[in-house]
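Remarks on the structure that follows.
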Amino acid sequence: MCGIAGYVSRGGLDVSMLRAKMRDSIRYRGRDGENEWIESSHIGLFHSRLSIVDLVGGAQPISDTNNRYVIVFNGEIYNFKELRQEYEALGARFRTLSDTEVVLEGFRLKGPDVCLDLNGMFAFAVWDAQDRRLFIARDRLGKKPLYWTILGGSFFFSSTLDAFRDLPGWTGDLSRIDLDTYATVGDFRPGYTVFKQGRSLRPATYAIVDLNGDLTPRETTYWQLDFSRRFHGTFDDALSAFEALIADAISIRLRADVPLALTFSGGVDSGIIAAVAAKRLDSPLSCWTIDYDAPDDPSEEVAVARRVADHLGLDWHFSHFDYHSNLVPSLREALIHVDQPCRHLAIGYSARLYAAIRPQATVVLSGNGADELFLGYSGNEVLASQEALHRVSIIDRIFPSRSARTRRSRSLAQYQSDFLLANLGRYPGEDTPESVAAALKEDIMTANVGSFADLYSFMALRYYTCDPNYRIPDIAGLSHQVEVRSPFLDYRVVEFALSLPIQFKIGNPTDGTQNKRLLKQYYSRFVPDDVAWARKKGMGANLRYDKSLAEDAALLSLYDSLMGRIVDAGLPVEAYKVAAQTYQVDMRKGFVNSAAAGTMSTGLMLGLWLETHYGN
């Protein structure tokens, strides 16, 4: 796991300045070593390393034996051992034991098609000295970041947008249409960022930058979310298929030359990983839980985690998080390396947990993604209800077409794009709301979304939960020199989950304990039924953000002051103020308004991000 950065230019750049700015920006991502490969002011590649595999021989950049190609790589390729054997049979010869060299040799043998071979999380760049071209690529789901910009006729790329901040020509102007998109659906448009000049390579995409051309990346998508594939078989067939898939997804993620651990709640997702991993390791698996736990306010999650850890024979650890004293400081610390807004308070306690784990382990397995794929969140059960089917039926009548799936995909895409369009402002000099909504509609149709359940999973994987599933593990983890791996986000598990009928995911649309049916049925092989079939709580359920957001005078005062930061940035704050008032009123009535809480936390985190990065 690492940080990468670089440039392609026709000349005239200050190389010493680039070395200082770009290498400094990625240093937090890997502190075990840093290196560079520079060809005057035309091409430069920078790398910072967190050593996970081949601790001695895996330093980067790495060149092939003919010195035609040189690579900088960020991420992990979990099937690198199998690929190494395959490429050796095709004539490859290796000088290291690293997965980075496997990617390089795969590119030498197969070109861009190497991306289809790779099972893992990755962003990498390969310079072709013969054809004078740069190849960049990103993993299927976008777990590893890769940003780019063109300034003064030069192309720059990096694992962090902070690499561009001090480059000549970079203005730092914020994109208000993209901030609106982020506030509405939880992430920025694929390919875009919070900055007008900043771009992101889309997930499952590679691009070629030609030094002899205009340096604009020529992008190609090599994989996509696809809901049109259907699983044909019984529930028991699906259970057997899942068992094989998740066992392999977990097993290959145990490959590391450093100690491993697991973030652990005792629930279905982390519990399945723990149960499978424990059988494949020679020593007890180290598991970590974080929560607020006090005699007058005991944590139900801690009690469950302790019980399950003992049942599975795990080496269990607990980290206490006091929302009164830890919440705001943890958020300020975590946001230092967050290069664009993150609206999830979880980044604070996640960073604290990774910091606690780091002295004992460098690789951490996580249950991220399971809820989005298998519909495990409270409220997801309505996606299997007659009401949802009725809504699809009504929308179908509005958009007639020959194919029922095409009709539903078009109608659901229109439904979601209309929702986005209703929440976007119109800003001079920026993309129109219509073009932003149209792009979302096209992406939904391309994915062949055919039901509200499909639409939920699509939006979760692409927007709603990109922060907790991708960005928080990446940034908060690497800030504390921890690599986070997510077996449920193995692309094979994703493809399998998207193919399942909804009744395999939701056992009873009127009973929230039946959410994530397939996974709970599998988990019940390892733990008592009252644990396997419990309602979802989620790590951090007892951190008491509810009370803090509504009753902590210091936090509410801070919130008010942060609204000023948002106004200073030229952004609207009324929705955040209304949400705060609504949340407090509802809390006094005895219930948590989750919609108001979400908007309030978005405002809090946006204000804190602006304060952290534009405080002066």
Cα→Cβ-extended label distance, 7 Å offset, between Ile336 and Ser385, nm | 4.6
Mean separation of Cα pairs under 8 Å and 6+ residues apart, divided by the residue count of the stretch 2-221: what relative contact order is that in percent?
-> 19
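Could you compute the FRET efficiency for Ser594 and Thr220, with r as their C-beta to C-beta distance and R0 at 56 Å, rounded to 0.05?
On the way: r = 40 Å, r/R0 = 0.71.
Computed FRET efficiency for Ser594 and Thr220 comes out at 0.90.
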From fewest to most C-beta neighbours within 10 Å, the residues Tyr456, Tyr78 line up as Tyr456, Tyr78
Spacing of the two label points (7 Å from each Cα toward its C-beta) at Asp14 and Thr234, in nm | 7.2
What ranking, highest mean first, results for peptides 159-170, 585-596, 501-512, 264-275 when packing means the other Cβ atoms within 10 Å averaged over each residue?
-> 264-275, 159-170, 501-512, 585-596
Express the relative contact order of the chain as a whole percentage, based on alpha carbon pairs under 8 Å and six or more residues apart in sequence.
-> 15
Quick one: go through the stretch 280-314 and flag any residue whose amide nitrogen is under 11 Å from the point 7 Å out along the Cα-to-Cβ line of Asp530.
-> none
Label of the coordinate-derived value, Cα Rg over 2.2 N^0.38 Å, listed as (1) 1.00; (2) 1.28; (3) 0.94 | (3)
Per the helix-only model, the chain has a calculated mean residue ellipticity at 222 nm (DSSP H runs of ≥4, -39500 (n - 2.57) each, divided over all residues, rounded to the nearest 500) of -13000 deg cm²/dmol
What lysines could a cross-link reach from Lys536, if we take a straight Cα to Cα line under 22 Å and drop same-chain neighbours fewer than 8 places away?
-> Lys505, Lys516, Lys520, Lys547
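Arrange the following residues from fewest to most other Cβ atoms within 10 Å of their Cβ: Thr149, Thr65.
The order, fewest Cβ neighbours first, is Thr65, Thr149.
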Using the Kirkwood radius over Cα pairs, work out the Stokes-Einstein diffusion coefficient for the stretch 1-146 at 20 °C and 1.002 mPa s, in µm²/s as a whole number.
-> 140
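Arrange Val328, Val102, Val482 by Cβ neighbour counts within 10 Å, fewest through most, would you?
Val328, Val482, Val102
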Specify whether the C-alpha gyration tensor of the stretch 545-614 places it in the rounded, prolate or oblate class, a ≥ b ≥ c being the square roots of the eigenvalues: rounded for a/c under 1.5, otherwise prolate if a/b is larger than b/c and oblate if not.
-> prolate
What FRET efficiency would be calculated for the residue pair Ser435, Asp322, taking the C-beta separation as r and a Förster radius of 56 Å, to the nearest 0.05?
-> 0.75
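Here, each number is a calculation from the coordinates, and none is a lab measurement. These figures come from a predicted structure and were not determined experimentally. Every residue, glycine among them, receives a Cβ derived from its backbone with ideal geometry; neighbour counts consider all protein chains shown.
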